[in-house]
Amino acid sequence: MARALFQSQSGTQDIFPSEADRRRRLVDIFAEEVTKAGYGQVIPPMFEDVGVFQRLGEASDVVSKELYSFVDQGGRNLSLRPEFTASVCRMFAQHRPLVPWKVWYTGPSFRQERPQKGRYRQFDQIGAEVIGTDDPDVDIELIAICWRFYQQIGLKNVSLVINSLGDFEDRARYLEDLQSYFKANADQLSEQSLKTSEINPLRVLDSKRPADADVIAKAPVLADYLGEPAAMSFERVKLGLTTLGIPFEVAPRLVRGLDYYGRTIFEFAATSLDAAQNAVGGGGRYDGLVEALGGGSQPGVGFALGVDRILLACDAEGVFDAVDSGPQVWVVTTTQGTEALEIVEELQTAGFRAGRSFGGRSMKAQMKAANRSGADIAVIVGESEAESGSVSIRQLRTAPPSGEVSSPSGSASQQTVIERTAMVEKVRSLLS
RNA sequence: GUGGCCGUAGCUCAGUUGGUUAGAGCGCCAGGUUGUGAUCCUGGAUGUCGGGGGUUCGAAUCCCCUCGGUCACCCCA
């Protein structure tokens, strides 16, 4: 056998039919939820001017080292999107739709980092954004959509944590104190965190290094710096979640990777997955991003859920299994005529999933294929059926009686000969 | 991006201190049944041992590089 000349690129996946079906169902369920909530789908391009994504914050790893950038033949500096939010905001700034603009999306995003299970260089996300209102009820609505979606697919072990990053001025005051705190305790910080503290002190807070744990635990808390508007907004979010019966935990040290967030942020973790890659969704408010892209002063809020990780979590919980979408009927013919073409067409037109073999294989080989296909019924046309205008209908789900002799008589309990014109009705009744 | 572990047939894996032509189970194909799927029996095809280079009389086995996977970190979905 020949050897494959190429293989898929690191961190990309080849997805086969049953898994692809499952993904499509997942997206369908999500689409249903967001549509009920009045969100319209948008399909932005997969690449943008690199500047669109640089607005996410030069200090974030997503921008500084994980961007898939390239120069096209026209000399344009482009990047594959690392997420959708920036593209959606660019889209808003360019077209200025009426606010509040409520949209959802699905598709692949790209990040150049070392792959491992649940973390890929090309990965699928589903998400939603609302641009044009700072009403915290929208934050609640978005979280509720996520929550309902997880429930719809049967995921149980999902925990929600929330925090408020405050408004820009709040955060500026906090960052100043935090930075000087880290500076004062530099000797107790890991080298890496010390470096991070100079670029973006917020992110030191979610360092997983044990060495940092103590310093982080005693660090000033953002909640103490919230101004009146941010604090009220956050209170409203907590009230709303409680009202809707959505369990949550306030995590004072929760921060998010991208620099644009402010006020409410939230994260969903699948507790049945290993901690390193257990984030199955997250989002929050970004009140400066649209403006940074020239869209005017418009607040925004949104979330993204990771399709790959949600499916991994489903596997861990044994929920949302792949469903069988194989053929219901298999057509077997040994004539050299056009019966297979006609019968398959007739069955498919009548709404059945119908398959057949190709290549003029023996009846035995075709019956094996029928069995393997998972079909419930085989429709058989040999010479005698072809001459008499009939078909043999054979039920496949039961084992054939031992010693059954091949015979066109149809005497066996699970095989009968009927007029071809009665085939569709017979198949329908057998399948119901 | 940094570090650890791993890579033998379509799949799961065996292969002794380097030693003839690299194996098993499952799966696949064909026949036993020239018109019939489970099971059973018989036979068959797989592979540059991830790729490249080196050491050696001789490499799946040892060394280097590289590609891919996986785990941890960084970070995130």
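Shown here: chain A, whose C-alpha atoms stretch 92, 53, 45 Å along the first, second and third principal axes, sorted largest to smallest.
Entry comment: accessible area of region A:1-142 is 54 Å² per residue, from protein heavy atoms only and a probe of 1.4 Å. Listed by chain and number, the lysines whose C-alpha is less than 21 Å from the C-alpha of A:LYS183, apart from same-chain residues fewer than 8 away, are A:LYS195, A:LYS208, A:LYS218. All alpha carbon pair distances within region A:77-118 were sorted into 5 Å bins beginning at 0; the resulting P(r) in whole percents reads 5, 16, 24, 20, 15, 9, 5, 4, 0. Listed by chain and number, the lysines placed with their C-alpha closer than 16 angstrom to that of A:LYS102 are A:LYS36; residues fewer than eight positions away on the same chain are left out. Fully extending the segment from A:LYS208 to A:SER388 would add 57.2 nm, taking 0.36 nm per residue of separation and subtracting the current Cα-Cα distance. About its Cα centre, the dipole of chain A is roughly 980 debye, where the only charges are +1 on Lys and Arg Cβ and -1 on Asp and Glu Cβ. List every residue whose amide H lies under 5 Å from the amide H of A:SER390, counting only residues 5 or more places away in sequence or on a different chain, with H placed 1.01 Å from N in the peptide plane. HN-HN under 5 Å from A:SER390: A:ARG420. Only DSSP H runs of four or more residues enter the estimate; each adds -39500 (n - 2.57), and after division by the residues of chain A the mean residue ellipticity at 222 nm equals -11000 deg cm²/dmol. Per-residue packing, averaged as other Cβ atoms within 10 Å, sorts the ranges A:285-298, A:53-66, A:117-130 into the order A:117-130, A:285-298, A:53-66, beginning with the highest. Across region A:93-208, the fraction of Cα-Cα pairs farther apart than 21 Å, rounded to a whole number, is 64%.
With all protein chains in place and a 1.4 Å probe, the accessible surface of region A:134-282 carries 52 percent carbon and sulfur. Applying the Kirkwood pairwise sum to the alpha-carbon positions of region A:1-104 produces a hydrodynamic radius of 16.8 angstrom. Between A:ALA350 and A:ARG397, the modelled label-to-label distance comes to 1.8 nm, taking each label 7 Å out from Cα in the direction of the beta carbon.
Sequentially through region A:85-102, phi angles give Karplus couplings (6.51, -1.76, 1.60; θ = phi - 60°) of 4, 4, 5, 5, 5, 4, 4, 5, 4, 6, 10, 6, x, 5, 9, x, 9, 10 Hz, Gly and Pro residues having no value and appearing as x.
The phi-based Karplus calculation (6.51 cos²θ - 1.76 cosθ + 1.60; θ = phi - 60°) puts the 3J(HN,Hα) values of region A:212-217 at 8, 3, 5, 4, 5, 4 Hz, whole numbers, x for Gly and Pro.
Label point of A:ILE29 set 7 angstrom out along Cα-Cβ; within region A:162-183, no amide nitrogen lies under 11 Å from it. Residue order by solvent-accessible surface for A:VAL99, A:VAL255 is A:VAL99, A:VAL255, largest first, with ligands and nucleic acids left out and a 1.4 Å probe.
Once backbone amide H atoms are built at 1.01 Å from N, A:THR264 has A:LEU165, A:ARG285 as its partners under 5 Å, excluding neighbours fewer than 5 places away on the same chain. For chain A, averaging the sequence separation of C-alpha pairs within contact (under 8 Å, six or more residues apart) and dividing by the residue count gives a relative contact order of 15 percent.
The values are calculated or read from the model by the stated rules, or taken from the named source; none is laboratory data. Every value quoted in this text rests on a predicted model; they were computed, and no experiment measured them. Glycine also receives a Cβ, built like all others from the backbone with ideal geometry; neighbour counts cover every protein chain displayed. Heavy atoms of the whole protein, side chains included, go into the accessibility calculation; ligands, DNA and RNA do not. Shrake-Rupley method; radii C 1.70, N 1.55, O 1.52, S 1.80 Å.
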